[in-house]
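Working notes for the structure below.
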Amino acid sequence: MPLILLVDDDPDILKVLRANLQVAGFDVETGLNCAEAGEIIESNQPDLLVLDLMLPDCDGVEFCRNLRESGMDFPIIMLTARDGVSDRVLGLESGADDYVVKPFEAVELIARIRACLRRRSPSKDECLEAGEVSVDITRRRVTVRGKEIDLTPKEFDLLCLFIRNGEKVLTRDFIRKSLWKDSRRLYSWSRVIDVHVQHLRAKIERDPGEPEYILTVPGVGYRFVSQGRKEA
C-alpha cells in the first residue's frame, strides 16, 4: 500500500486524517513538525507527503523547496489556511504538486492524493500515441514512423508532456513548472526550453524547419499537433 506522510502541528487534524486515509487503504506516518518529517523521510521515504505550511519549527514552503533541491521527487500536497492566489503560486513554485485550503473535506484530500499518485505512477502498460509517434511509458521507448529513436530523459519527458496535453497551447512557463522544478537556478530557462524543443524536433520531425508535430505559437510557447497536420 502507498505510504502517506502527514505533517501538521495540530494533533487532532492528524488523528482524523490518519483514520480516514487508513480506511481508504493507505499506510500512514505522521509528524508534528519539519524535524519529525525529516527523520521519517530519511528512514522511510513516503510515496506522498501532505504538508502543512504553518509549522512551529520551519516554513513549509522552504521545507518543500529544500526537499526538491535535495532530490526528493515524491508528490507533495500542501495544506494551508491561506487562500490567496500569491500563496498558492508560491506553494506550487516551491515544488508542490497540489494545494488544499483549510477547511477541507477528507474525501477531497483523498481524491487529490489518488490523482497525484496516478500521475506519478502511470499504468503498467500505458502507451501514448500521436500520429506516427508511439511512446512506451514503461520501457521509455519512442518509435517514430516505425523506427525506434533515442531521446534524452528530458526530451522523453517533454514529448510525453506534449502528447498528454493534446493540442493545447503550452506556455514556456507551464513547461518550466512541469519539467524544471529547480529552474530558478537556470540562467535562462526560456532558452533552455527552446533548445530542448529544437533537439526533440530534430529527432521526430521529417523536416525540423517545417515541423508537423511541435508547432511554435509566437510569443506564447508551443502546440503539439497530435495527427501531424501542418498548419495552413
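Rule-based calculations on the coordinates, nothing more; no lab input. Computed from a predicted model, the values in this text were never measured in an experiment. We place every Cβ from the backbone using ideal geometry, glycine too, and count neighbours over all the protein chains shown.
Observations on the structure shown:
- Selection among ILE175, VAL144, LEU128 by position relative to the dipole of region 127-224 gives ILE175 as farthest towards the positive end (Cβ unit charges, Cα centre).
- Beta bridges per DSSP, both residues in the chain: antiparallel share near 55 percent.
- Listed by chain and number, the aspartates and glutamates whose alpha-carbon sits under 20 Å from that of LYS15, ignoring those within fewer than 8 places in the same chain, are ASP27, GLU29, GLU36, GLU39, ASP47, ASP52, GLU105, GLU108.
- Rounded D (µm²/s) - region 127-224, Kirkwood Rh over Cα pairs, Stokes-Einstein at 37 °C, 0.692 mPa s: 239
- 21 Å Cα-Cα threshold exceeded, pairs from LYS102/LYS177; LYS154/LYS203; LYS147/LYS177: LYS102/LYS177; LYS147/LYS177
- Region 8-116: Rg to Rh, with Rh as the Kirkwood radius over Cα pairs: 0.92
- The residues THR138, THR80, when put in order of fewest to most other Cβ atoms within 10 Å, stand as THR138, THR80.
- A simple charge model with +1 on the Cβ of Lys and Arg, -1 on the Cβ of Asp and Glu and nothing else charged puts the dipole of region 127-224 at about 480 debye relative to its Cα centre.
- Student exercise, the chain dipole from Lys, Arg, Asp, Glu Cβ charges, in Debye to nearest 20: 1100
- Per-selection Rg to Rh, the chain - Cα, Kirkwood hydrodynamic radius: 1.03
- Value of relative contact order over the chain, rounded to a whole percent, pairs C-alpha under 8 Å and six or more apart: 13
- In this calculation the C-beta distance from VAL100 to GLN45 is compared with R0 = 22 Å, giving a FRET efficiency of 0.50.
- Estimated distance in nm for a label pair at GLU69 and ARG141, the labels positioned 7 Å out from Cα along Cα-to-Cβ: 4.1
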